[in-house]
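Working notes for the structure below.
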Amino acid sequence: MQKTEAHFFNGLTAGRHEVHVALSDDRQAMIITGDTLPEPLRWSLMDLRALHDTSHKDRLTLTRHADTGDEAPRDPARLVLHDPELIAWMHRTRPGLFRTDLHKGTWRKVFLYSGGALVAAGLMLFVILPAMANTLALIIPVEREIAFGKVVVSQMERVLGRTEKKSLSCENLAGRAALTTMLTRLTENQEMEYQISAQVFDHGMVNAFAAPGGQVVILRGLLDNAQGPDEVAGVLAHEIGHVESRDATRHALRTAGSAGLLSMLIGDFTGGTAIALVGEHLMTAAYTRDAEAAADLFALDMLQAANVDAAGFARFFDEMDGLKGIEIPAYLSTHPVTAERAEQARGFAQSQSGTRPILNDAEWQALRNICR
Amino acid sequence: MSTTQDSMDIRYTGEKGPLFNLAFKTGLLTVVTLGIYRFWQKTRIRKYIWSSVDAGGDTFEYTGTGIEKLLGFLIAVVFLAIYIGIIQMVLFYAGLSVMVDPQRASPQEMIAQTIALYITFFAVLPFILYAVYRARRYKMARTRWRGIRFGMEKGAWGFVWRAMGYGFLAVITLGILTPLQTFRLEKYQADRSYYGSARFTQTGKWTELYPAMKHMLIGIGILVLSFALIGGGAVSENVGLIGFGGFAAFVGYVWVIIGGIHYGVQSFAYLTANKVLGDDIHFTAAPRTGFVIKTYIVGGLLVGLLASVAFGIVGTIAAAFIPLLQNGGGMIAFGIVMAVGYVVALVLTQALSLILITQPILAHYIEKLEIVNADGLNRIAQREAETGVDAEGFADALDIGGAI
Ligand SMILES: [Zn+2]
């Protein structure tokens, strides 16, 4: 390595120093000399680092590995080499030249911060937002909830394929009368917080859902699949249970919060997608296991009070179980059916006495034909 | 390096090939790592671009690191997750009363709902502005020239209030006070900026930005006129007048867009030419609007053309897999090929727009810069290292910050 010219910046002022660099006698360091330097500098070859990812072809900027308070452990001084031979020599003999060094404890920091971010997001999604949703769902005025429920039902209708001209709601008069009969039988003599209104949508999916504020929607596919009116009554009572415990409202609030959080990561703040998500989420996402169990208990009590045989409700679960092999019915994904739930309904049915069918044959046929 | 006695030229030496390779390679790494590598991608691309800026023979250096960007992002995520989650739910709750079905609602209900939705945006706006200031501060703190650090003082919240205030003024005056907004916000930031021990000062007057706004105002004038023509045509049932009005509206629209670019370029030129570093170091800036527009159009067309070729190739390869679709394995393979091809084409498009649009425009701005009284630079001393910056984590979490 010959004595060669370079530019030196001492990291203290912006002045440029014309310097010479040469290898030290012990070949362990680079000696930097210059007229404007107070004394020759000795840069150990071991500590030398070069800037990487630069566009430079005709220069190599060197610095030193040093434990400074900088963003990277680097000496603020810079030595710029222009001599092609020296640059080639550096590349050849210093394999660690472009190495990245980290401050001590960096990985620990990364680990801690990542853990913290995960914990914070998890806390938000699974603890804070659900708790807030619970509180807000309890204090929301009923009128508001009803207005919101109408929007949700209409949103669901659109998702299921409503067009401008044709509403999905089934309007057959005899069918509607039968549905009203069923609803009245279930809710009469009950202390109800909400005025329940039920309707059937003309869609082949085996499903039913409760919207905020007392609206229950049954899809035609569920009627087509049911063996008798008692099954439908069981499902209806279960959905009324969700309504009464405000599960749908709670769920919608929680979804809104989570959607806001998640959309931050995708980069949408206007909330437009959040609203759309709520509608779809209500249909596709399951309530919690506790909410399901509570709605089941509510349904069984309701059936008992109305003298309706809970065996129908149990049979509905069995049929769902039978369908599982062929295709997973939508109802299952929103209301996870477990063997215990069927068993619970069956056991309950055995304790019942003096039950009578909720609809007569003519009414049941009318209900099944509600979409004709 | 043409350093005369007291003026210093600035050159841009970056090339298309190496930057494309770097952007494409790091883009693929970002995809493979599910986005985590983006902090390093941004860092490496900036290192390339900064090192291509040559002032008087000495190049700039970008000293930011990928790891500090990752840490900054994690901090921002924790904070924003909590804030946005809660605000979103509260607003949703508050907005329930105005929730309506878009297909069946009255106009008043629609307006109420729209307002409720935009409240969410305004709830996040302070953080977006905060992030804008912090991102600029971070870039300054990680830029060095001749080994001396640039820097910017704290002051993000002061920026937030001013930006909201001047933004409001600009909006309610239908854009007439835009120069006031541009000038005051730039002055706020420039006056807090340093190169080493020397402070930048923004001089000049906001009213002097109006000449740069000329074409925007002309475009708005044509638009107003065209609406009058269409309205007059509708009243008098004159189809020719309506057609002419429609044509005028189109011209006005294009004029406003080009006028907007012109304002962006020329207000930058004015603001740069009126900055002072230390006591007497000045700048000249003469970027040309024509060049910027030409680059947008030609570069945009080229990117579009090359991208459609890339996506076409993906489609052709995917089509070759269709005969395999008879079995389940083929279906999965098809899906994978499609997804991979799509992502590669997307990364390619990003890299192309970097070298065909972003870099040429940046190079033009830089080449048209000159430092006057450059001798004063030699007397500037180092400033303290800045470790408290959040490494633009908020900007990343909120997805703002542009191409580089
Ligand atoms: Zn349920």
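The values are calculated or read from the model by the stated rules, or taken from the named source; none is laboratory data. Owing to the predicted nature of the structure, the values given are computational and were not obtained by experimental measurement. Counting neighbours? That spans all protein chains shown, and the Cβs are built from the backbone with ideal geometry, glycine included. Only protein heavy atoms, including side chains, enter the accessible area calculation; ligands, DNA and RNA are left aside. Shrake-Rupley method; radii C 1.70, N 1.55, O 1.52, S 1.80 Å.
Points to keep in mind about this one:
- Checklist (1) within 16 Å of the ligand (Cβ to nearest atom); (2) open to solvent by less than 40 Å² (accessible area, probe 1.4 Å); (3) modelled with pLDDT of 85 or more applied to A:PHE298, failing item: (2)
- Test result for B:SER7, open to solvent by less than 60 Å² (accessible area, probe 1.4 Å) and within 12 Å of another protein chain (Cβ to nearest Cβ): no
- Within region B:198-249, tally of residues that are closer than 30 Å to B:HIS282 by Cα and open to solvent by 70 Å² or more (accessible area, probe 1.4 Å): 5
- Any chance B:ALA307 is open to solvent by less than 30 Å² (accessible area, probe 1.4 Å) and either under 18 Å from the mean Cα position of the chain (by Cα) or over 29 Å from B:ASP6 (Cβ atoms) (or both): yes
- Every listed requirement among (1) more than 15 Å from the ligand (Cβ to nearest atom); (2) in contact (Cβ under 8 Å) with a residue 40 or more places away in the chain; (3) of a type outside the set (S, T, N, Q) is met by A:LEU173 save one, (2).
- Among residues of region B:31-64, those that are within 30 Å of B:GLY341 (Cα to Cα) and open to solvent by less than 30 Å² (accessible area, probe 1.4 Å), counted: 7
- Some residue of region B:315-332 being open to solvent by less than 40 Å² (accessible area, probe 1.4 Å), under 31 Å from the mean Cα position of the chain (by Cα) and over 22 Å from B:PRO360 (Cα atoms): no
- From A:GLY122, A:GLY11, residue being small (Gly, Ala, Ser) and either within 30 Å of B:LEU377 (Cα to Cα) or assigned to a strand (DSSP E or B) (or both): A:GLY11
- Close contacts from region A:236-263, counting a first residue that is outside any helix (DSSP H, G or I) and a second that is at pLDDT 80 or above and away from the ligand (no atom under 11 Å from the Cβ), with Cβ to Cβ under 6 Å and a gap of 6+ residues or different chains, come to A:ARG246/A:ALA137.
- For region A:212-225, the tally of residues that are away from the ligand (no atom under 16 Å from the Cβ) and out of contact with any Lys or Arg (no Cβ under 8 Å at 6 or more places or on another chain) stands at 3.
- Applying the set (1) in contact (Cβ under 8 Å) with a residue 24 or more places away in the chain; (2) assigned to a helix (DSSP H, G or I); (3) away from every other protein chain (no Cβ under 11 Å) to A:LEU97 leaves exactly one unmet item: (2).
- Here A:TYR113 meets the list (1) part of a loop (DSSP other than H, G, I, E, B); (2) open to solvent by 40 Å² or more (accessible area, probe 1.4 Å) almost entirely, failing just condition (1).
- Residues of region A:230-268 classified as modelled with pLDDT of 70 or more, hydroxyl-bearing (Ser, Thr, Tyr) and away from the ligand (no atom under 14 Å from the Cβ), total: 3
- Every listed requirement among (1) at pLDDT 85 or above; (2) surrounded by fewer than 19 Cβ atoms within 10 Å (Cβ to Cβ); (3) over 18 Å from A:LEU222 (Cβ atoms) is met by A:PHE348 save one, (2).
- Among residues of region A:100-151 being touching a strand residue (DSSP E or B) at 6+ places or on another chain (Cβ under 9 Å) and more than 9 Å from chain B (Cβ to nearest Cβ), the one that is nearest to A:ASP53 (Cα to Cα) is A:ASP101.
- The number of residues in region A:29-71 being surrounded by fewer than 19 Cβ atoms within 10 Å (Cβ to Cβ), small (Gly, Ala, Ser) and assigned to a loop (DSSP other than H, G, I, E, B) comes to 3.
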